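Contents: one structure, followed by commentary.
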Amino acid sequence: MTERIADASPNTVAGESVPESYWTARRGAAFIGLSSRGRIVLTGADRASYLQGLLTNDIEALKPGEGCYALLLTPQGRVMADMNVFNLGEEILLDVHESVTELLVERFQEFVFTEDVKVEDRTESWTVLAVHGPDAARLVAELVCPTDDLGGDRCSEYRHARGHVDASPVVVARSHEIGEIGFQIFVRAKVAAPLRASLADAGALPLQEEMFNLLRLESGRPAFPADLDSDTIPLEAGIEGRAISQSKGCYVGQEVIIRILHRGHGRVGRRLVRFSFPPEADPPEAGSAVMSADRPDGEPVGFITTSAFSPAIGRPIALGYVKRDLADPGSHLIVTTEDNRIPASVVSGSVIKTGRDPGPVRC
């Protein structure tokens, strides 16, 4: 069950100040510099076939201007890293979390033998600004590049085009990370400040990282490494639909995934779910134990990964893992903290309903 955003935009909720940018991201446009992201570029004639043998999604199927979400798994089928993949034509751009950038550069270079592939870390020379909200397409079209192929509600995530800011090249890609129309703008670091200023002058508000993560949490999208890490099998996190190709050839960790999908009929021991709590409760800390409501003093049946108070619906929300037989929407659980026991309900989909369809995810 989802809840629609309240019509009002209170400045305070539960006694806490709510930044105006939070509401603007849902009703106008807000922007943020994604400093926690790294940027890796692969060039060379074999770049696509090389990644095809490593990543979970169908990289060779991507045409210039297309992209997808993909994972690099361990041989045991656990998530080593996730990434957004963009086919720029003459090169492939990987947008990754900063904590694994150096690891991925080293790993990709290590696996190059006779292939014509060059791996380059462009994290320092390029940066990325994200613009989200119903008004994002208009601002990006005015300031960066036309969005005829990128701005519609039904446009595929990760589709991208090239543009210019102050004569400097940029790449603009669709993003659905917070459940609204959004764009990631990859730009040379030297023109990031002028672009920020232009977005602000056009009416977009700067978005704090805490608010961006809250908006993502409200949309129900898990993030690496907070909600999926080296202990996570992708099917546990429910991301196989957008991260794993069922028709491509071999990739690292495929044997484990295929065994679960075909022999185990997709059953895993735990599932990532969305929690909703009573309005008066405090958001439980990451790592808080989840207990069965029928056996609150028994063994934990799961744990919390991410939580926050949602101003949109006036109650705490969270993501976390629970045993699969307790993962159905409507399941009642107890989250234990150092000082309290908090009733929790499993909810389906995003915990809020924005009223806007961000379009299908397609690779």
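Taking only protein heavy atoms and a 1.4 Å probe, the accessible area of the chain is 47% carbon and sulfur.
The DSSP beta bridges internal to the chain are antiparallel in roughly 95% of cases.
Note on the chain: lysine pairs with Cα distance below 30 Å, sequence gap of 8 or more or different chains, count 6.
Binning the C-alpha pair distances of the range 217-363 at 5 Å intervals from 0 yields a P(r) profile of 2, 9, 18, 20, 18, 14, 9, 6, 3, 0, 0 %, listed from the shortest bin outward. Annotation: amide H-H contacts under 5 Å for VAL170 (H modelled 1.01 Å from N, sequence separation of 5 or more, or interchain): GLY163, HIS164, VAL165.
Just the Cα atoms of the range 96-233, one point each, no solvent: what log10 I(q)/I(0) does Debye give at q = 0.15, 0.19, 0.20 Å⁻¹? Relative scattering, expressed as log10 I(q)/I(0), comes to -0.87, -1.23, -1.29. Think of it as helices only: each DSSP H run of n ≥ 4 in the chain is worth -39500 (n - 2.57), and spread over all residues that comes to -5000 deg cm²/dmol at 222 nm.
Please compute the Kirkwood hydrodynamic radius of the range 193-268 from all pairs of different C-alpha atoms, in Å with one decimal.
15.6
Let me know the volume per residue of the alpha-carbon convex hull for the range 162-233, in Å³.
Cα convex hull per residue, to the nearest whole number: 129 Å³.
At a Förster distance of 25 Å, what's the computed FRET efficiency of THR114 paired with ALA61, Cβ-Cβ distance as r, to 0.05? The formula returns an efficiency of 0.60 here. Built from the Cα atoms of the chain, the convex hull projects on average onto 18.2 nm², one quarter of its surface area. As a rough guide to protection, the peptides 37-43, 129-135, 202-208 ranked by mean Cβ packing within 10 Å, highest first, stand as 129-135, 37-43, 202-208. Per-residue 3J(HN,Hα) values for the range 329-337, derived from phi via the Karplus relation 6.51 cos²θ - 1.76 cosθ + 1.60 with θ = phi - 60°, read x, x, 5, 9, 9, 10, 9, 9, 10 Hz in sequence order (x marks Gly and Pro).
The values are calculated or read from the model by the stated rules, or taken from the named source; none is laboratory data. Every value quoted in this text rests on a predicted model; they were computed, and no experiment measured them. All Cβ positions, even for glycine, are placed from backbone atoms using ideal geometry, and neighbour counts span all protein chains on display. Calculation scope for accessible area: heavy atoms of the full protein, side chains included, ligands and nucleic acids excluded. Shrake-Rupley method; radii C 1.70, N 1.55, O 1.52, S 1.80 Å.
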